[in-house]
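Presented below is the structure to which this report refers.
The values are calculated or read from the model by the stated rules, or taken from the named source; none is laboratory data. Model, not experiment: these values are computed from the prediction. Using ideal geometry, Cβ is built from the backbone for each residue, glycine included, and neighbour counts are taken over all protein chains shown. To get the accessible areas, we keep the full protein, side chains included, count just its heavy atoms, and leave off ligands, DNA and RNA. Shrake-Rupley method; radii C 1.70, N 1.55, O 1.52, S 1.80 Å.
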Amino acid sequence: MTSTKDVIDNHIQCFHEGNIEGTLDDYSADAILFTPAGPLTGRNEIKTLFQRLLAEFAKPGASDTLHIASFEGDYAYLVWSGETADNIYELATDTFFVRDGKIAVQSFAAKISPRH
């Protein structure tokens, strides 16, 4: 059985590698990702967000720092910050619910300041 930590560790690794298929494979088919702009339902809607994020974080000079990774049973909570050529992610949080080795529910919020 895959632990919540294993799923999230893989999710972070795939993101850092720019591996969109690996990133999306971490989600259940009917996953929901809550964002300040509204919920994204299913891998196809979630894919649009990750296409944008992966492109942004693939630009030269991009970085991110994980400050907190907390795991409790099926739940995970991350606090991170980052910088890209386009934006400064001063503070970002992700909360996950993992069921049967897949992310079923995620929430994301961040204070993002454009560089330009």
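At 222 nm, what value in deg cm²/dmol follows for the chain if DSSP H runs of at least 4 each add -39500 (n - 2.57) and the sum is divided by all its residues, to the nearest 500?
-9500 deg cm²/dmol
Within region 1-101, report the trypsin sites (Lys or Arg not before Pro) that DSSP leaves as loop and that have at most 16 other Cβ atoms within 10 Å.
Taking region 1-101 and a limit of 16 other Cβ atoms within 10 Å, no loop trypsin sites (Lys or Arg not before Pro) are found.
Using only Cα atoms and rounding to the nearest 10 degrees, what angle (0 to 90) does helix 4-17 make with the longest principal axis of the chain?
That works out to roughly 30 degrees.
Across bins of 10 angstrom width beginning at 0, how are the C-alpha pair distances of region 1-58 distributed, in whole percent?
Histogram of Cα-Cα distances, whole percents per bin: 23, 53, 23, 1.
Report the charge-dipole magnitude of the chain in Debye, nearest 20, computed about the Cα centre from +1 at each Lys and Arg Cβ and -1 at each Asp and Glu Cβ.
280 debye
Report the one residue of V7, V105, T35 whose Cα lies farthest in the direction of the positive end of the charge dipole of the chain (charges on C-beta: Lys and Arg +1, Asp and Glu -1; origin at the Cα centre).
After comparing all options, I get T35.
Given the protein chains as shown and a 1.4 Å probe, how many square angstrom of T48 are accessible, to the nearest 10?
Accessible surface of T48 is approximately 80 Å².
Rg and Dmax of region 3-116, Cα atoms, in Å?
13.3, 42
Principal axis extents for region 57-99, Cα atoms only, whole Å, descending order, please.
The Cα atoms of region 57-99 stretch 36, 17, 11 Å along their principal axes.
What distance in nm separates the two pseudo spin-label positions at E90 and A69, each 7 Å out from Cα along the beta-carbon direction?
2.6 nm
Please list, ordered by chain and number, the residues whose modelled amide H lies under 5 Å from the amide H of Y27; skip anything fewer than 5 residues away on the same chain.
I103
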